[in-house]
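See structure below.
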Amino acid sequence: MKRTKIKLYIFAFAAVIACILTGLCRFNTISVQAASTKSHQAYNDSYITVDVGADKVLHIVEELEVGFINGAEEFGRKLTAIGRTERRDGGKSKKGRRFIINVKNFSVETDGVKCEAKCFRSGEYHYVEVKNPEGGNFREWTYENQLTYKFKLEYDYDMSDDVDGSGALCLDFFNESSLQWFYHNGDKSDVSKLHVTINMPKDFDASEVSLLKGGQGINDESGLTVEGKTITFSTVYSGINGCLLQVNLDENYFNTGLTHYGFYWVFVVLFAAVVLAGLVLTILYRPRRPLATVEMKPPVLNPIQFSAFWHGYARRRDICTIVLRWAQLGCIKIKKDGRRDLILIKVANLPKGRPKSEYEYFNSLFDGGKIYSSREMRSRANLFRKYNIRRAVGKLLDEFGEPVTYVKGVERAKFFVRFIPVFSLVILFTYFIVLSRFYAGIVFLYMAACALTAIITGVYRMSGLFKNLSARHKLLLGLGLLLGTGIPAAFAFILRLAANEMYLPLYDYIYLTYIAVAWIIASIFVLPKFIGKRTQESQEMYGRMTGFKTFLEKAEVPQMELLLEENPDYYLDVLPYCMIMGLSKKLDKKTEFLQAPEWAEGFNALNFAQSICRSVKYSVITKKKKGERNEKK
C-alpha cells in the first residue's frame, strides 16, 4: 500500500467520523423543536382510563376536552416513547435500564366522528397529530363562544420490553413542555382537572401506590384512592406536567419478556470480533526487541539499504546522503549559499564500478555542466530538470531495491488493522436500519452511496485522465463528484433518520456508537505503529544498527579521538548513517574538536553534521511531487 494512498484513506475516514459525530451531536435536539408548536391548545376537565394487561400492554382511552386559543390546523399530543425501569431491590425501588414503549392500534374520534390522525415516534416521544374531520382548521376558542372539541384517543401502550420492571409500574401523564389549561369562571383557584382510572390485572398492595411530581408525593392533593384492583386520582393541570404514577408490585407481577432487541447482543459480539481481530493482528506482527551488541562501526551497507533496514523502507529523502559519499570520493565540493541553500561544484566524474542509476542521478544534478545551485532550481525555468532529478532518484531506489525487512504479511496486517473497524460502522448502520421505520429508504440510500463511491474509485483506476493529477487534486475532484451526486446529503439524511429512531434501547449503558468511533480512530492512528515484525536477517541487522546508535549516544570524546587516530576517515564514514538515524546533533557533541572537511565551504565546524544535514536534505531534490509515480527501468 502506497503511503500517499494511506494518507488519503485516513483523511476520508476522518471526514466520515466527523459526519457521524455531527449527526450524533444533533440527536438530542429533535424532540424539543417538535414540542414547541403545541402551545395554542388548552385543556378543560378530561378523563383517562387505563386497563393494564398481565403482559404489561396497557389499553388506554383518553377523553380530552380541548379549546384552541388561536385556532389551529391540527391537534397535537405527545406520549413518552422511552421508559425507565423501576425495579425492586431489597424492598426499595431503584431506577433500571431504558426501554422503548410502542404505541399500537391507534385511533381518534373528534366530537364522536372518526378522523384522520397520525402517531409516530421520533427520538424520545410519540407524536400525535389529529386533523379536523370537518376539514379546514379547528376554530378559535373565545370568551364569547367558549368553543371546545372533544377528542377520544384509543390505543395500546406496549411496555412489554420492560423486562426488569416485572414488579413495578410507572406511568407519565402529560409530559408536555408547554401545557395550558382553563380557569373555570375566571377563578384562578378553580383549575381544569385530569381524572385518571387505572384497572390492574391482579391484586396488589395499596400502600405501595404513590403519585409524584418532581420527586415529591402529591397523594393527598390528588385524592389518590385504591379500591380493589382500581386506582383513581384527580389532579389539576397546573401541577400535572411531569406527574408520575408509581406502583411497586410483587416480584414477577407482570409476564414481561424481551420482545424486540435480543439481536442487539449479536451486534455487540460482531463488534467485539472486529476489535479482537485488530488486536490479534497487532500482537502477531508486533516488532521484537532487537539483540543489540555495541558496534563501533555501522554495518557495511549502502546508505539506501541502511535506510531500508532502519525505517522498514528506503526513504527518498535519505538519497541525499549519497551526495556526502561523492564529496568524500573527491567528485564534488559543497558550498553553503545563505542559510539553507547549497552550491554543488563538480570536480570529477564518478569512479567506475558505481551502479548505473547512481551515474544517472549524478548527471541529472549537473545536467552537462559543473554547477548545481538549489537557489536557481526553484525557478520555473528548471521545471524539466527537476523532473529528471526526481525520475533519477526513483530509478536509483528501484536499482538498489528495498531489502525485505518485514516478514510476509506485515503490510496486509497494517491495511486490515486500519480498515477492519469500517465493519463496526457497517454493524452500527445495520443496527440503526433494523430499528428504523424507514429501513427500506435507508437501505436504498446506503447502497446507492456505496455504489457511487465504487464507481468513482473505478473511474480513478481505469481512466488515464487522472494519472497526472496530484493527490490533492484527485481528492478535491472526488469530493466535487461526491457533492455533485448528493452522497453527503444522502449520508446526512441517513444519520438524521437513524438518530431519530435509535435511542440504544434497553442496553443504552454500553454506548456502542462512541466506543466504535474511538476504536476507529485508535485503529487508524495508533495500532499500525505497533506493527513491524522483521525477518530474521533484518532483525539481526537492526540489532547491529541499534548497537551502533547506542555506542554513538554513550561514547565519550576520548573514545572518539582514539577511533579517529586509528581511522582518520571514521567521522566522514559514519556521517551519512547518523543523518539517516537522526543523530547529527549527538555526533557534533562528540566531535567538537574536528575541523570541517576540505570539500565543505562555509560550514561551522562546531555544528557541521547538523548544518550539512539540514542543508543537503533541503537543497538536493529527492522528494517526489504528490501524485507523481516512480518510473521503473
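Might you check whether a residue that is among the acidic types (Asp, Glu), assigned by TED's automatic domain parsing to the domain that holds THR405 and under 23 Å from GLU399 (Cβ atoms) occurs anywhere in the stretch 355-365? Yes: the stretch 355-365 contains one or more residues that are among the acidic types (Asp, Glu), assigned by TED's automatic domain parsing to the domain that holds THR405 and under 23 Å from GLU399 (Cβ atoms).
When restricted to residues that are modelled with pLDDT under 80 and not aliphatic (A, V, I, L, M), the stretch 226-242 contains 5. Out of the stretch 363-384, which residues are crowded, with 18+ Cβ neighbours inside 10 Å and more than 14 Å from ILE334 (Cβ to Cβ)? Once the filter is applied, which keeps residues that are crowded, with 18+ Cβ neighbours inside 10 Å and more than 14 Å from ILE334 (Cβ to Cβ), the stretch 363-384 yields SER364, MET377. On the given criteria, is GLY401 at pLDDT 85 or above and surrounded by fewer than 20 Cβ atoms within 10 Å (Cβ to Cβ)? Taking the combined requirement at face value, the residue does not satisfy it. Based on this model, can you work out whether GLY582 counts as within 45 Å of the chain's Cα centre (by Cα), farther than 14 Å from GLN328 by Cβ and modelled with pLDDT under 85? Judged against the criteria, GLY582 is not a match.
I'd like to know if the stretch 545-563 contains one or more residues that are out of contact with any helix residue (DSSP H, G or I) (no Cβ under 8 Å at 6 or more places or on another chain), small (Gly, Ala, Ser) and in a helix (DSSP H, G or I). Within the stretch 545-563, one or more residues are out of contact with any helix residue (DSSP H, G or I) (no Cβ under 8 Å at 6 or more places or on another chain), small (Gly, Ala, Ser) and in a helix (DSSP H, G or I). Residues in the stretch 103-126 that are part of a strand (DSSP E or B) and touching a residue at least 60 places away in the same chain (Cβ under 8 Å): PHE120, ARG121, SER122, TYR125.
You will find that of GLU154, GLU176, GLU134, GLU124, the residue that is modelled with pLDDT under 90, surrounded by fewer than 16 Cβ atoms within 10 Å (Cβ to Cβ) and either in the same structural domain as GLU109 (by TED's automatic domain parsing) or on the phi > 0 side of the Ramachandran plot (or both) is GLU134 and no other.
Does ILE332 qualify as being closer than 24 Å to GLY602 by Cβ, surrounded by 22 or more Cβ atoms within 10 Å (Cβ to Cβ) and over 35 Å from the mean Cα position of the chain (by Cα)? So ILE332 passes the test. If you go through the stretch 127-150 and keep only what is assigned to a strand (DSSP E or B) and not aromatic (Phe, Trp, Tyr), you end up with VAL128, GLU129, VAL130, LYS131, GLU140, LYS150. Which ranges mark the strands (runs of 3 or more DSSP E) fully within the stretch 193-247 that have 1 or more residues being within 16 Å of ILE48 (Cβ to Cβ) and hydroxyl-bearing (Ser, Thr, Tyr)? Where strands (runs of 3 or more DSSP E) fall fully within the stretch 193-247 and carry at least 1 residues being within 16 Å of ILE48 (Cβ to Cβ) and hydroxyl-bearing (Ser, Thr, Tyr), they are 193-199, 225-227, 230-236.
Which of the residues spanning the stretch 288-314 are assigned to a loop (DSSP other than H, G, I, E, B), under 33 Å from the mean Cα position of the chain (by Cα) and surrounded by 16 or more Cβ atoms within 10 Å (Cβ to Cβ)? Those that are assigned to a loop (DSSP other than H, G, I, E, B), under 33 Å from the mean Cα position of the chain (by Cα) and surrounded by 16 or more Cβ atoms within 10 Å (Cβ to Cβ): GLY312, TYR313, ALA314.
Residues of the stretch 243-274 being at pLDDT 75 or above, surrounded by 18 or more Cβ atoms within 10 Å (Cβ to Cβ) and within 20 Å of VAL422 (Cα to Cα), which ones? PHE271, VAL274, listed by residue number.
Listed here are the residues, each with its yes/no results for (1) surrounded by 13 or more Cβ atoms within 10 Å (Cβ to Cβ); (2) among the acidic types (Asp, Glu); (3) closer than 30 Å to GLY278 by Cα.
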residue: ILE531; (1), (2), (3): yes, no, yes
residue: SER538; (1), (2), (3): yes, no, yes
residue: THR550; (1), (2), (3): yes, no, no
residue: PRO558; (1), (2), (3): no, no, no
residue: TRP599; (1), (2), (3): yes, no, no
residue: GLY602; (1), (2), (3): yes, no, no
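Of all residues in the stretch 568-591, those being surrounded by 13 or more Cβ atoms within 10 Å (Cβ to Cβ) and either among the polar types (S, T, N, Q) or outside any helix (DSSP H, G or I) (or both) number 3. Pairing residues of the stretch 133-149 that are touching a residue at least 24 places away in the same chain (Cβ under 8 Å) with residues that are acidic (Asp, Glu), at Cβ distances under 7 Å and at least 6 apart in sequence or on separate chains, gives ASN137/GLU73; THR148/GLU65; TYR149/ASP111.
For the stretch 360-379, the count of residues that are polar (S, T, N, Q), in a helix (DSSP H, G or I) and without any contact (Cβ under 8 Å) to a residue 60 or more places away in the chain is at least one.
The values are calculated or read from the model by the stated rules, or taken from the named source; none is laboratory data. Please read these numbers as outputs of a predicted model, since none were measured by experiment. No Cβ is skipped: glycine too gets one built from the backbone with ideal geometry, and neighbour counts run over all protein chains shown.
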